[in-house]
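Read through the structure below, which is laid out as structure tokens, and then see the notes.
The values are calculated or read from the model by the stated rules, or taken from the named source; none is laboratory data. As the structure is a computational prediction, the values presented were derived from the model and not from experiment. Here the Cβ is made from the backbone with ideal geometry for all residues, glycine too, and neighbour counts use every protein chain on show.
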């Protein structure tokens, strides 16, 4: 019963605190409103939350985190070099369609975060059936090599972490 009423106690506490801070008032009415909002919102929205992920291969997760960190640094340098040389050689910016085998919602969310963090790539659209992802990439001279790199470095580890 208590888990149904308070599915996310930390979220409830955060909402109550945020409401009181934003309203800058500790009046009884604001406290009651904050508690009602803090309890009701997580309880009503709990069915919309995806299932808790089960990390099956923590070592693969660690390798993925290191890979993303390395790619962030390399992509920053690549964007910088491309900007410096843009008068001589303009970047090959384009939209790239990446076919996906990944289906887990948590893994797709992680892929969206990775795509957003790595400079030079923007997540544009996921196909309704989840079979393809449209990205905009800053500098892609070879589209097939980009797709292969993306799938090998990000999609395959995420499939191993969340789906296998």
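Taken together, the residues in segment 1-30 that are touching a residue at least 12 places away in the same chain (Cβ under 8 Å) and either surrounded by 14 or more Cβ atoms within 10 Å (Cβ to Cβ) or part of a loop (DSSP other than H, G, I, E, B) (or both) amount to 9.
Tell me the residue from 113, 88, 117, 98 that is free of Cβ contacts under 8 Å to residues at least 12 places away in the same chain and under 18 Å from residue 157 (Cβ atoms), please. Before the answer, list the steps.
Numbers: 88 fails: under 18 Å from residue 157 (Cβ atoms); 117 fails: free of Cβ contacts under 8 Å to residues at least 12 places away in the same chain; 98 fails: free of Cβ contacts under 8 Å to residues at least 12 places away in the same chain.
Every option except 113 fails the conditions.
So that you can scan it fast, the table gives a plain yes or no per residue for (1) crowded, with 16+ Cβ neighbours inside 10 Å; (2) in contact with a helix residue (DSSP H, G or I) (Cβ under 6 Å, 6 or more places away or on another chain); (3) not in a strand (DSSP E or B):
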| site | (1), (2), (3) |
| --- | --- |
| 109 | no, no, yes |
| 122 | no, no, no |
| 135 | yes, no, no |
| 140 | yes, yes, yes |
| 150 | yes, no, yes |
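Only a single criterion out of (1) assigned by TED's automatic domain parsing to the domain that holds residue 147; (2) part of a helix (DSSP H, G or I); (3) exposed (fewer than 14 other Cβ atoms within 10 Å of the Cβ) is not satisfied by residue 89, namely (2).
With the structure loaded, tell me whether residue 53 is in contact (Cβ under 8 Å) with a residue 24 or more places away in the chain, under 17 Å from the mean Cα position of the chain (by Cα) and not assigned by TED's automatic domain parsing to the domain that holds residue 157 or whether it fails that test. It would help to see each step written out before you state the result.
Numbers: in contact (Cβ under 8 Å) with a residue 24 or more places away in the chain: yes; under 17 Å from the mean Cα position of the chain (by Cα): yes; not assigned by TED's automatic domain parsing to the domain that holds residue 157: yes.
For residue 53, the condition - in contact (Cβ under 8 Å) with a residue 24 or more places away in the chain, under 17 Å from the mean Cα position of the chain (by Cα) and not assigned by TED's automatic domain parsing to the domain that holds residue 157 - is met.
Taken residue by residue, segment 36-45 has at least one member that is outside any loop (DSSP other than H, G, I, E, B), surrounded by fewer than 11 Cβ atoms within 10 Å (Cβ to Cβ) and out of contact with any strand residue (DSSP E or B) (no Cβ under 7 Å at 6 or more places or on another chain). From the list 140, 122, pick out the single residue that is within 15 Å of residue 94 (Cβ to Cβ) and more than 15 Å from the chain's Cα centre (by Cα). Exactly one residue qualifies, and that residue is 140.
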